[in-house]
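Written below as structure tokens is the structure these notes are about.
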Amino acid sequence: MAFNSAFLLVAVATSFCFLNLPLSRCTEFDVGELRGWAVPPSNDTDLYDNWASEKRFKVDDTIRFKYKKDSVMEVKKGDYKECNSSRPNFFSNTGNTIYTLNRTGFFYFISGSTGHCEMGQRMIVWVVAQDASGATSPAPISSAINALFFISFLISLVFFF
């Protein structure tokens, strides 16, 4: 009976230990929200840049492009400025593209459909680093969990030996 109790105590204590692991909090953003990824109205050619500038993108966040009969490309800065779709770093035409922002810095997206980039279907995304640990800060209760784990471990040693 003492062995079963000790085993259970160790299992519970180990579970509490895993609760203390810092977790990376990533967000998925829907590009253009309800509008999706489409040619903007003629008087709103900065639509996507304005949308992106209102967001805080972090490393490992994802952006979802929803579109019909179109495509999305991630390109270099110069190709973005000139709407050049001949050398994409990334291309997708699935209609529901999820792109992971895997580094800090700028990402440049354009439509691969002829003329769409020139009509404003393009976007610059600026990605910032997460905090120094690469994750969100653990909850303040983590010290209490560590103490509980340590006490549970000591009690299990008493029952086991």
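Tabulated values for the structure
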read-out: Ascending count of other beta-carbon atoms within 10 Å, so fewest first, for Leu34, Leu101; value: Leu34, Leu101
read-out: Environment charge at Cys26 (Cβ cut-off 9 Å; Lys +1, Arg +1, Asp -1, Glu -1); value: -1
read-out: Total formal charge among the other residues, if their Cβ is under 11 angstrom from that of Thr62, Lys/Arg +1 and Asp/Glu -1; value: -2
read-out: Residue order, fewest to most beta carbons within 10 Å, for Lys66, Lys76; value: Lys76, Lys66
read-out: Net charge of neighbours whose Cβ lies under 9 Å from the Cβ of His116, counting Lys and Arg as +1 and Asp and Glu as -1; value: -1
read-out: Highest average packing first - 88-95, 58-65, 113-120, Cβ atoms within 10 Å; value: 58-65, 113-120, 88-95
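A short reminder: the numbers here are calculations on the coordinates, not readings from a lab. None of the values given here were measured: they were computed from a predicted structure. Cβ coordinates were reconstructed from backbone atoms using ideal geometry, including for glycine residues, and neighbour counts include every protein chain displayed.
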